Amino acid sequence: MAAQFQSEESRSANPRASIDDDTAALRELVDHVKMTRPLQAGEEERLFGQAAMGDRRSEDRLVAGHLDMVIRLAGTRRGQGFSVADLVQEGSIGLVEAVRSFARSGESDFASFAEKKVGAQMDAAIAAEAAAVRDAQLLLAAATDYERTEIVIRHEFGRAPTEAELAEKLEWTVDRTRYVAQVVAEARRRHDEELLSFVDPDAIESDDDDERSDYDG
């Protein structure tokens, strides 16, 4: 079953292909920015005034006009668990928040204000992803320990162990033992379903027919 966890974790694309896809996505984003008309002198201030009154077109124009900054910051964070495209998506959330909150922020330099917002949004997403990966690794280790202990106790007692026996052997609480047991059971169920998906019912029926034919003969 531990192998099942590992196979699910390793289903991501080939690293080389992922790098190529990331580079292609970055190139496409850069090309998109190049086709966007730069903000003209005085235009930004006017757009902020209109955006403050709820004009979504002005808000969208401000976001589009600073998307190059988002791409630049995303590029400096490559290889930290997110593709550039995903980082740009996260950064765009920060950019929109910067546009909407700048007027009441008391700041005078939007570029600096937005860069902090965008960088913070990206860094928060990277930290959350890293925490999720650590949690998955810890759960995989716990599931492996659970299975090994279950086998040891089964051999020792000649029967299935109780939750209390497993908890004592693993030096866990019963609640933690019960949770990991549920995770292991779900992984086993999913593994069985995947195996069944490869079974050809027609082939089974054909084999059964052959066996009956041999018996009748």
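Extension gain, Glu43 to Arg176, is 42.0 nm, computed as 0.36 nm per intervening residue step minus the present C-alpha separation. Only protein heavy atoms count here; under a 1.4 Å probe, Val96 has an accessible surface of about 40 Å². Can you check what the Kirkwood hydrodynamic radius comes to for the range 59-167, Cα pairs only, in Å to one decimal? Over the range 59-167, the inverse of the mean reciprocal pair distance is 17.0 Å.
Could you check how much of the accessible area of the range 72-152 is carbon and sulfur, as a whole percent, using a 1.4 Å probe?
52 percent
Across the range 59-73, computed HN-Hα scalar couplings (Karplus, 6.51 cos²θ - 1.76 cosθ + 1.60, θ = phi - 60°) run 4, 5, 5, 5, 5, 4, x, 10, 5, 4, 5, 4, 5, 4, 5 Hz from first to last residue, x flagging Gly and Pro.
Return the FRET efficiency for the residue pair Thr162, Ala130: r is the Cβ-Cβ distance, R0 is 41 Å, and the value is rounded to the nearest 0.05.
Details: r = 36 Å, r/R0 = 0.89.
With a Förster radius of 41 Å, E is 0.65.
Extending 7 Å from Cα along the Cβ direction at Glu193 and again at Val152 yields two label points whose distance is 3.2 nm. Rolling a 1.4 Å probe across the protein heavy atoms gives the range 125-184 an accessible surface of 63 Å² per residue. Applying the Karplus relation 6.51 cos²θ - 1.76 cosθ + 1.60 with θ = phi - 60° to the range 155-170 yields 3J(HN,Hα) values of 5, 5, 9, x, 7, 5, x, 7, 4, 5, 5, 5, 4, 5, 5, 7 Hz, where x marks Gly and Pro.
For the range 86-190, the set of GluC sites (Glu not before Pro) satisfying both a DSSP loop assignment and a count of at most 13 other C-beta atoms within 10 Å is given as Glu171.
The values are calculated or read from the model by the stated rules, or taken from the named source; none is laboratory data. Small disclaimer: the values here were computed from a predicted structure and weren't measured. Note that each Cβ is placed from the backbone with ideal geometry, even for glycine, and that neighbours are counted across all protein chains shown. Quick note on the areas: whole protein, heavy atoms, side chains included, nothing else; ligands and nucleic acids left out. Shrake-Rupley method; radii C 1.70, N 1.55, O 1.52, S 1.80 Å.
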